Amino acid sequence: MALIDLEPKPSGSRRSGRLGGILLFVVLAGGAAGAGYWFGRRAPAPPPVQPPAATPLPAPAASPPAPAPSPLPGPAEPAVATAAPAASPAAPAPDAPRLVSAAVAGPLEESIAGALGPGQQALAAELTQVVNRLLVWSLQVSKDARRGDRIEILFAPAPPGGSGATHSQEPVVEALRYTSQKLGRTFAAYRWQAPGARYPHYWRADGTGVEERLVDGPIRDYEQITSLVRDGRRHKGVDFRTPVGTPVYATFDGVVERRNWKFSANGNCLDVVDPATGRRAIFLHLDVLPKAMQKGRSVRKGEEIAASGNSGHSTAPHLHYQLEDASGKVLDPFKVHRTTRDVIPAADRPAFEAERARLDARMAAKP
């Protein structure tokens, strides 16, 4: 699938006629009125002949309602992929944060599903995808996870219709802790929005960003990286979750080689090639392309060449950025570009520490 970004929906019949004399006799003798249903709907009223009224039986006493389970599952037994039951459907705020705590006893998704409880498999799959996206910067779950590792997730289900300008319909992880036996440490991530920042981001306990950032990358303002070359999804590029219209920049001096090829999959797209090395940058799912960006047009590193969009085979606004060498081999942008991590400024650390303490306390809460 070269150069295509595929982001990872008895009938019955009514009786007619009147009741016969035999049926009428049985009804009168039995002292009960006849009634019937068609596909869950009540039949017409019985004939006007009324039998003697039957003495009503007293209604059985109502059983007292069972106490609702706690909305927060308790810690799982060691080496068991289940925790206490998930929140009851009668919970007062279905979109309120929920705590999942489990011991890893197999695939991470199965462990999370066991902690969520019956009927939560679909949510477990979505939540696992978000969790993997946060952990991939520190460990490879498929290789590094061990039976008995512990994971704690504080999350809220996605609001109906998605949230914000990026239309995310995934669960929102507020905080995450993963204790790795193989690596001998606990990895943590906290969602926090710095003063003046357009989006919340995920931060480590020491105030550094969970995600690496590309120096001289194709986009400067985005909410989150949602896919990597190395994340095990066999994706060929890096996906940046960002609203439609976010400026996109050339990452090296080059020439526009193609535009808008395989539109049904890639949407509005551009290829920029470096004539000296043959390296190619591919930008997919763009908004309407500038007319100036025609084949043969020279571009300079850092020049704005387009705007991000949601065109082609795309389920939410984002930019797909892909690098290839002259032979067409896919390159990892995080190995080609220099990288860095954001650091919370000293002036903002007290606000972050307060939020981190609040999230830690929430994750330590007992049912």
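The values are calculated or read from the model by the stated rules, or taken from the named source; none is laboratory data. The structure presented is a predicted model; accordingly, all values stated were derived computationally and were not measured. Don't worry about glycine lacking a Cβ; one is built from the backbone with ideal geometry, like all the others, and counts go over all protein chains shown. Surface accessibility is based on the protein's heavy atoms, side chains included, excluding ligands, DNA and RNA. Shrake-Rupley method; radii C 1.70, N 1.55, O 1.52, S 1.80 Å.
Miscellaneous remarks
- Accessible-area ranking of ASP239, ASP348, ASP287, largest first, probe 1.4 Å: ASP287, ASP348, ASP239
- Each of GLN169, PRO195, LEU116 was placed along the dipole of region 95-243 (beta-carbon charges, centred on the mean Cα), and the one lying farthest toward the positive end is LEU116.
- A Cβ-based charge dipole, computed about the Cα centre of region 221-340 with Lys and Arg at +1 and Asp and Glu at -1, lands at about 320 debye.
- Within straight-line cross-link reach of LYS262, aspartates and glutamates at Cα separation under 14 Å, skipping those fewer than 8 residues along the same chain: ASP5, ASP271
- Each residue of region 229-234 was assigned a 3J(HN,Hα) from its phi angle through the Karplus curve 6.51 cos²θ - 1.76 cosθ + 1.60 (θ = phi - 60°); the sequence is 5, 9, 8, x, 8, 6 Hz, with glycine and proline shown as x.
- In straight-distance terms, cross-link reach from LYS143 covers every one of the aspartates and glutamates whose alpha-carbon lies under 18 Å from its own, apart from those fewer than eight places away in the same chain; here that gives GLU109, GLU110, ASP231.
- Extension gain for TYR199-ALA276 works out to 23.9 nm (0.36 nm per residue, less the C-alpha to C-alpha distance).
- Restricting the trypsin sites (Lys or Arg not before Pro) of region 286-367 to loop positions (DSSP other than H, G, I, E, B) with no more than 16 neighbouring Cβ atoms within 10 Å leaves LYS291, LYS295, ARG297, ARG300, LYS301, LYS329, ARG338, ARG341.
- Anisotropy class of region 105-218 from Cα gyration tensor, a/c 1.5 cut: oblate
- In this calculation the C-beta distance from ALA156 to VAL255 is compared with R0 = 35 Å, giving a FRET efficiency of 0.15.
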